[in-house]
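First up is the structure itself, then whatever we jot down about it.
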Amino acid sequence: MKHTIQMGLLASIVAITGCTVEDDKFTDEDVARAVECSNQNGRDICRNPLGLDTWGVATLSNGELTCRALYCVSPFSEVPEYPGLTVWDVENRLIPVYFLDQVDKRFNYALDQVELAVGRTMFERHGVINLNIDAPTDIDYSRLDSGGGIIFSQATAVCNDSVCSSSNVSTAPYSDSIPRYITTDYQKIWRASGHGFVWVNLDAAEYPGSDTMVKTASENSAIHELAHVLGMHSHFDGFSRSEAWSHNASRVLKTMYYRGNPPGVPYFAMYIR
């Protein structure tokens, strides 16, 4: 079904009725709204938006493109006035994926479940790698030939004096720094800013390098974090801290990566899956 109802009208209807959306009861309109607000770091039926601007212009620093917003166009380009669907362009290049030090069954489970939900191959799996992460902000990625992608890691979720997470997405292990993305043609994400890699961290250790876990991530948490990397940034019913993954979340991701919805398609013109 192709969605052709304007988002502003839908938001007005919900504001008037005051209705809430329950899991497994998303209508096509709910899915479209969840795609837009999650993908664009908005509110509407989403919650916990990231504390940063959604769009900006990248700057060149020390030979690297740096982005201070969630998405950045290349220098000397203009931020789109009406951004559309912003996702990895897997039609032209699969997303490189690496496993740090070991194969954890949750890594492949998350990848498999996402590809099963979407109904297409999304990832180029490079297998196990070894990196020295003693200095998390100064890791040598030169041996990884893709120049960017996703790194799954176990026992490296952020943990400090105030809180420990069972899982998180970041620019480095043991970090809560939010990844930013450099885009081409306005919508086609091709790499994370800085070193180009996004970390999916599962489980928090008592201290870096410890074998004692203080928080352990579930398989659904692994899918949840992977979905963040794929463009589902803000939480909504069925995609939250209390319910990491659900039928609602699966429908949103399936819609985002449906072949009929290329990167950049206006949200009101998407085919809803």
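I'd like the Karplus ³J(HN,Hα) series for the range 217-234: coefficients 6.51, -1.76, 1.60, θ = phi - 60°, whole numbers in Hz, and an x wherever there's a Gly or Pro.
Values, residue by residue: 8, 7, 4, 5, 5, 5, 5, 4, 5, 4, 4, 4, 4, 7, x, 8, 8, 8 Hz.
So which trypsin sites (Lys or Arg not before Pro) in the range 128-233 are both in a DSSP loop and have at most 13 other Cβ atoms within 10 Å of their Cβ?
Answer in residue order: ARG143.
With the convex hull built on the Cα atoms of the chain, state its orientation-averaged projected area in nm².
14.3 nm²
Cut-off 10 angstrom, C-alpha nodes, Gaussian network model of the chain. Which of MET232, MET122, MET213 fluctuates the most?
MET213
Could you list GLU115, GLU81, GLU36 so that the one with the fewest beta carbons within 10 Å of its beta carbon is first and the one with the most is last?
GLU81, GLU115, GLU36
How far is helix 105-118 tilted off the main Cα axis of the chain, in degrees rounded to 10, range 0 to 90?
Compared with the principal axis, the helix lies near 20 degrees.
Starting at the first residue of the range 93-100, write each ³J(HN,Hα) from the Karplus equation 6.51 cos²θ - 1.76 cosθ + 1.60 with θ = phi - 60°, in whole Hz, x for Gly and Pro.
Result, rounded to whole Hz: 7, 5, 7, x, 10, 10, 10, 7.
A short reminder: the numbers here are calculations on the coordinates, not readings from a lab. Computed from a predicted structure; not experimentally measured. Neighbour counts are summed over all protein chains in view; Cβ atoms, including those assigned to glycine, are modelled from backbone coordinates with ideal geometry.
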